[in-house]
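Novice: Let me begin by handing over the structure; questions about it come next.
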Amino acid sequence: MDTALPRRHIVKAACPHDCPDTCALDITVEDGRAVAVRGGDMPFTAGTLCTKVARYLDRTYAPSRILYPMKRTGRKGEGRFTRISWDEALDTIAARFSAIAAEDPQQILPVSYAGTMGLVNFAAMDRRFFHRLGATLLERTLCSSAGKAGVKITLGGSVGSDPEQVEHAGLIIIWGSNPVTSNLHFWSRCQQAKRRGAKLVAIDPRRSETAEKCDLHLAPLPGTDAALALAMMHVIVGEKLTDDDYIAQHTLGYAELAARVREWTPQRAAAVCGIGAADIAGLAREYAATRKAMIRINHGLQRHAGGGMAVRTITCLPALTGAWREPAGGMLLMTSDFYGMNHRALERPDLLRGKPRTINIAALGDALTAADPPVKAAYVYNNNPVAVCPDSRKVIAGFARGDLFTVVHEIFQTDTADYADILLPATTQLEHTDIHKSYGHFYVQASRPAIAPLGEAKPNAEVFRLLAARMGFGEPCFRDSDEDLCRQALQSAAPAMQGIDWDTLKARGWQRLNVPAAPFADGGFPTPSGKCEFYSETAKALGFDPLPGYTPPREGPTSNPELAKRHPLAFISPPHRHFLNSSFANLDFALQDAGVPTLEIHPDDASARGIAEDAEVRVFNGRGEYTLRARITDRVRHGVVSAPSVWWKKLSPDGRNANELTSQAIADMGGATTYYDCLVEVARTNLPSKAQTDEPGQQH
């Protein structure tokens, strides 16, 4: 740390977590210790933080942090370790990796995701290391890849409206999103819009904290959103509520789209979605009549068999009505592709040795138990796969293998860390340098270390530099510092990135991209045609329907009626408001607020099963089961149960969580997980247990 700094000073940083807000942070430091975390002055987040990050010091200074390298002394899964030196840890890892790589480097698997979103510690030195090693490539698909693929077909990339403009909207449709808990600063602008007279509509199978505060809530069955969007287009096209000039100038394939949506009457969609036809038609008319209409999509609606097509279909709506003309109109899933970060410079794919295979993290359980050649070493970082990956029993069976050498680099001893052979201490955001883009606004941010690393904790990038040296990787890129990496990220010719530089970011904390308030008012979409593509040759070339359509859930009464008879309830596991995926889910303040794992069940579904409020219930299917406390509520619609997640298994009453039930099956696009395409049954735990042998069909 800089010894010239005053005793008390403020350091600019950014929240690293997997959230669209990517908040600016001001860290107050006194005598080398962080004493306060407050919101910074970046315009989108404007000085406010969520309740979790406002208590970030509880995370950094938690007594349960891992502070020293350790090696396993008990059986895998027991979580018993003894302290070792960094030299011993690095030498052990390098020796094991070298021996395995000499046989076949594809037998080494990185297992990472988005535990930190800063580019230095998310995807830079680690990618260089595994590329140079020739390890298996990991397809990271747990959250958003279906939606990204869908919006890319229609718009050309992960682009959309400026979320800062939503406060000026007249109608806001919040579709598959709960911004009260997961997009706080977008929600604050929605409230401003409402005070100015805007109407807020929530589309969600569950009456979420957000839906509670909206003017209208539609609750379609999970996985049926595309049918709803097609019926809205049926009304807009059929009643000539379109912006014909915008369509003529800035879209492709309108005639084909009009023919497709003709068959999707509100009555047909109502039967699919389980909502009223009049509600669908009414929303379509109101949407088309409101010039400043914004649709905010989030990732929940794309976690099913037709997730990519659902996002692709919804994304067509603003071009039909010309809503893109207005800064407060249009649609937003992610802003990621407005950034022109130089990912090639960071990740160095040119270092790749040979043509290694790719494994999809959605099927991690299968990869760890049945891959050929087998996975003999796993390096886990930025991820807690035992808790968060689908089909947990298979994931655990893989990590429990005696012949699998597992390294876990972590802040806390997670469910996954209990299976490590070598456990390494990681830094928190307050202890390292990073650079951040966002998937929910238009700002680049620098994050500077506020304090020295606690104990012997090291950032991801530093550990991979040390391992590269241990393994004799002589390329100069393995000696790049964290600041070198930040500067390389900004080496971009993209117009949006011009004028953004590392020195300014360090001093100010943030800079806005050069993107206009209404990016597609005059078209200019990043598609091959430059237009919003209702009909997509790109989709056709990829083997998809070139037009918007509807794919039913894989586990549902239409596609699998026999399964639906045995397991008639659709199971969803949205984020718990006190957790962020599995982050914060071990901290005392979050656990005290969360209480116990609960299952929300509609009164009619509870009554039919003899379930009382607060009863212990087991929710089960052919993949597994776990126990929760029943919360009888009409917040979930009839036929749907909801378990706010993700709980650490070892902190749950029965040592299990929602991913006992979820499937390794993938969505239509992007190789994405299908967490919300999941049928279950629910019963009181005092009933005799019935062995479950019917494994729902899966596609891996």
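Novice: Give just the number: which of (1) without any contact (Cβ under 8 Å) to a residue 12 or more places away in the chain; (2) touching an Asp or Glu at 6+ places or on another chain (Cβ under 8 Å) does Gly655 not satisfy?
Specialist: Only one criterion in (1) without any contact (Cβ under 8 Å) to a residue 12 or more places away in the chain; (2) touching an Asp or Glu at 6+ places or on another chain (Cβ under 8 Å) is unmet by Gly655, namely (2).
Novice: Tell me yes or no: at least one residue of region 418-426 is assigned to a helix (DSSP H, G or I), at pLDDT 95 or above and not hydrophobic (A, V, I, L, M, F, W, C).
Specialist: Yes, there is a match, as at least one residue in region 418-426 is assigned to a helix (DSSP H, G or I), at pLDDT 95 or above and not hydrophobic (A, V, I, L, M, F, W, C).
Novice: How many residues are within 17 Å of Asp18 (Cβ to Cβ) and over 14 Å from the mean Cα position of the chain (by Cα) if we restrict to region 166-178?
Specialist: 0
Novice: Answer yes or no as to whether Arg72 is out of contact with any helix residue (DSSP H, G or I) (no Cβ under 9 Å at 6 or more places or on another chain) and open to solvent by 60 Å² or more (accessible area, probe 1.4 Å).
Specialist: Criteria not met by Arg72.
Novice: Against the condition hydroxyl-bearing (Ser, Thr, Tyr), surrounded by fewer than 19 Cβ atoms within 10 Å (Cβ to Cβ) and either out of contact with any helix residue (DSSP H, G or I) (no Cβ under 8 Å at 6 or more places or on another chain) or without any contact (Cβ under 8 Å) to a residue 24 or more places away in the chain (or both), how does Thr633 come out, does it pass?
Specialist: Spelling it out, it is not the case that Thr633 is hydroxyl-bearing (Ser, Thr, Tyr), surrounded by fewer than 19 Cβ atoms within 10 Å (Cβ to Cβ) and either out of contact with any helix residue (DSSP H, G or I) (no Cβ under 8 Å at 6 or more places or on another chain) or without any contact (Cβ under 8 Å) to a residue 24 or more places away in the chain (or both).
Novice: If you don't mind, there's one more thing I want to ask. Tell me yes or no: at least one residue of region 622-635 is touching a Ser or Thr at 6+ places or on another chain (Cβ under 7 Å) and at pLDDT below 95.
Specialist: No; the residues of region 622-635 include none that is touching a Ser or Thr at 6+ places or on another chain (Cβ under 7 Å) and at pLDDT below 95.
Novice: Can you list residue pairs whose Cβ atoms sit under 8 Å apart, with the first residue in region 60-85 being on the phi > 0 side of the Ramachandran plot and the second being outside any loop (DSSP other than H, G, I, E, B) and surrounded by 14 or more Cβ atoms within 10 Å (Cβ to Cβ)? Count only pairs 6 or more apart in sequence or on different chains.
Specialist: Gly77/Ile396; Gly77/Phe399; Gly77/Asp418; Gly77/Tyr419; Gly79/Ala417; Gly79/Asp418; Gly79/Lys650
Novice: Just to confirm my filter: which helices (runs of 4 or more DSSP H) fall fully inside region 40-150 and include at least 1 residues that are under 27 Å from Asn183 (Cα atoms)? Lay out the reasoning, then the answer.
Specialist: Numbers: elements: 56-60, 86-103, 119-122, 125-133.
Filter on region 40-150 gives 56-60, 119-122.
Novice: Next question, about the same structure. Go through region 285-354 and tell me which helices (runs of 4 or more DSSP H), entirely inside it, have 3 or more residues that are open to solvent by 20 Å² or more (accessible area, probe 1.4 Å) and modelled with pLDDT of 95 or more.
Specialist: 343-347
Novice: Name the residue that is surrounded by the most Cβ atoms within 10 Å (Cβ to Cβ), counting only residues in region 659-681 that are over 19 Å from Thr558 (Cβ atoms) and polar (S, T, N, Q).
Specialist: By that ranking, first place goes to Thr673.
Novice: Only one of these conditions is not met by Leu241: (1) open to solvent by 10 Å² or more (accessible area, probe 1.4 Å); (2) among the hydrophobic types (A, V, I, L, M, F, W, C); (3) under 22 Å from the mean Cα position of the chain (by Cα). Which number is it?
Specialist: Of everything listed in (1) open to solvent by 10 Å² or more (accessible area, probe 1.4 Å); (2) among the hydrophobic types (A, V, I, L, M, F, W, C); (3) under 22 Å from the mean Cα position of the chain (by Cα), Leu241 misses just condition (3).
Novice: Out of contact with any strand residue (DSSP E or B) (no Cβ under 8 Å at 6 or more places or on another chain) and more than 16 Å from Ser112 (Cα to Cα): which single residue out of Lys437, Lys394, Lys458 fits that description?
Specialist: On the way: Lys437 fails: out of contact with any strand residue (DSSP E or B) (no Cβ under 8 Å at 6 or more places or on another chain); Lys458 fails: out of contact with any strand residue (DSSP E or B) (no Cβ under 8 Å at 6 or more places or on another chain).
Within the list Lys437, Lys394, Lys458, the selection yields Lys394.
Novice: Okay, next question. Here's a check for you: in region 428-442, which residue that is open to solvent by 10 Å² or more (accessible area, probe 1.4 Å) and either under 22 Å from the mean Cα position of the chain (by Cα) or aromatic (Phe, Trp, Tyr) (or both) is farthest from Pro20 (Cα to Cα)?
Specialist: Filtering region 428-442 for residues that are open to solvent by 10 Å² or more (accessible area, probe 1.4 Å) and either under 22 Å from the mean Cα position of the chain (by Cα) or aromatic (Phe, Trp, Tyr) (or both), the one farthest from Pro20 (Cα to Cα) comes out as Lys437.
Novice: Taking the stated definitions as given, is Asp403 charged (D, E, K, R), assigned to a loop (DSSP other than H, G, I, E, B) and open to solvent by less than 10 Å² (accessible area, probe 1.4 Å)?
Specialist: Numbers: charged (D, E, K, R): yes; assigned to a loop (DSSP other than H, G, I, E, B): yes; open to solvent by less than 10 Å² (accessible area, probe 1.4 Å): no.
Against the criterion (charged (D, E, K, R), assigned to a loop (DSSP other than H, G, I, E, B) and open to solvent by less than 10 Å² (accessible area, probe 1.4 Å)), Asp403 does not qualify.
Novice: Among the numbered criteria (1) over 20 Å from Gly40 (Cβ atoms); (2) assigned to a helix (DSSP H, G or I); (3) of a type in the set (A, V, I, L, M, F, W, C); (4) touching a residue at least 24 places away in the same chain (Cβ under 8 Å), which one does Phe473 miss?
Specialist: Just one mismatch for Phe473, condition (2).
Novice: Of the residues Glu139, Glu164, which is more than 24 Å from Ala387 (Cα to Cα) and surrounded by fewer than 23 Cβ atoms within 10 Å (Cβ to Cβ)? Break it down stepwise before answering.
Specialist: On the way: Glu139 fails: more than 24 Å from Ala387 (Cα to Cα).
Glu164 is the lone residue from the list that is more than 24 Å from Ala387 (Cα to Cα) and surrounded by fewer than 23 Cβ atoms within 10 Å (Cβ to Cβ).
Novice: When the residues of region 1-55 are narrowed to those that are small (Gly, Ala, Ser), in contact with a strand residue (DSSP E or B) (Cβ under 9 Å, 6 or more places away or on another chain) and open to solvent by 10 Å² or more (accessible area, probe 1.4 Å), which ends up farthest from Arg512 (Cα to Cα)?
Specialist: Checked region 1-55; the qualifying residue farthest from Arg512 (Cα to Cα) is Ala36.
Novice: Still on this structure, I have one more. Considering only residues that are among the acidic types (Asp, Glu) and touching a residue at least 60 places away in the same chain (Cβ under 8 Å), look in region 476-517 and name the one that is nearest to Val380 (Cα to Cα). Before you say what the answer is, go through the steps one by one.
Specialist: Our first condition is that a residue be among the acidic types (Asp, Glu); within region 476-517, this holds for 480, 482-484, 501, 503.
When the remaining residues are screened for being touching a residue at least 60 places away in the same chain (Cβ under 8 Å), the result is 480, 482.
On the way: Asp480: 22, Asp482: 21 Å.
Of everything passing the filter in region 476-517, Asp482 is nearest to Val380 (Cα to Cα).
Novice: Which one is nearest to Glu616 (Cα to Cα), of the residues in region 653-666 that are in a loop (DSSP other than H, G, I, E, B) and out of contact with any strand residue (DSSP E or B) (no Cβ under 7 Å at 6 or more places or on another chain)?
Specialist: Per the stated criteria, the residue is Gly655.
Novice: Mind telling me which of the residues Gly322, Gly329, Gly340, Gly365 ends up being touching a residue at least 40 places away in the same chain (Cβ under 8 Å), farther than 22 Å from Ser582 by Cβ and within 22 Å of the chain's Cα centre (by Cα)?
Specialist: From the options Gly322, Gly329, Gly340, Gly365, the qualifying one is Gly340.
Novice: Can you name the residue in region 208-220 that is over 21 Å from the mean Cα position of the chain (by Cα) and not charged (D, E, K, R) and, of all such residues, is surrounded by the fewest Cβ atoms within 10 Å (Cβ to Cβ)?
Specialist: Here the answer is Leu216.
Novice: Mind counting the residues in region 499-517 that are hydrophobic (A, V, I, L, M, F, W, C) and over 15 Å from Ala489 (Cβ atoms)?
Specialist: Counting residues in region 499-517 that are hydrophobic (A, V, I, L, M, F, W, C) and over 15 Å from Ala489 (Cβ atoms) gives 3.
Novice: When you check Leu364 against the structure, is it in contact with an Asp or Glu (Cβ under 9 Å, 6 or more places away or on another chain), buried (at least 24 other Cβ atoms within 10 Å of the Cβ), not in a helix (DSSP H, G or I) and not β-branched (Val, Ile, Thr), yes or no?
Specialist: The answer is no for Leu364.
Novice: Could you check, for region 406-413, whether at least one of its residues is open to solvent by 10 Å² or more (accessible area, probe 1.4 Å), in contact (Cβ under 8 Å) with a residue 12 or more places away in the chain and assigned to a loop (DSSP other than H, G, I, E, B)?
Specialist: Yes, because at least one residue in region 406-413 is open to solvent by 10 Å² or more (accessible area, probe 1.4 Å), in contact (Cβ under 8 Å) with a residue 12 or more places away in the chain and assigned to a loop (DSSP other than H, G, I, E, B).
Novice: To continue, here is another question. As an exercise: evaluate Ser145 against (1) within 28 Å of the chain's Cα centre (by Cα); (2) of a type in the set (S, T, N, Q); (3) surrounded by fewer than 19 Cβ atoms within 10 Å (Cβ to Cβ) and give the number of the one condition it does not meet.
Specialist: Result: Ser145 passes all but (3).
Novice: If Thr154 satisfies all but one of (1) open to solvent by 10 Å² or more (accessible area, probe 1.4 Å); (2) at negative phi, what's the number of the condition it fails?
Specialist: Failed condition: (1).
Novice: Checking the conditions here, which among Val29, Val11, Val37 is assigned to a strand (DSSP E or B), among the β-branched types (Val, Ile, Thr) and touching a His at 6+ places or on another chain (Cβ under 7 Å)?
Specialist: None of the others qualify; the one that does is Val29.
The values are calculated or read from the model by the stated rules, or taken from the named source; none is laboratory data. Because the structure is a prediction, the values reported are computed rather than measured. Methodologically, a virtual Cβ is constructed for each residue, glycine included, from the backbone with ideal geometry; neighbour enumeration extends over all protein chains shown. Heavy atoms of the whole protein, side chains included, go into the accessibility calculation; ligands, DNA and RNA do not. Shrake-Rupley method; radii C 1.70, N 1.55, O 1.52, S 1.80 Å.
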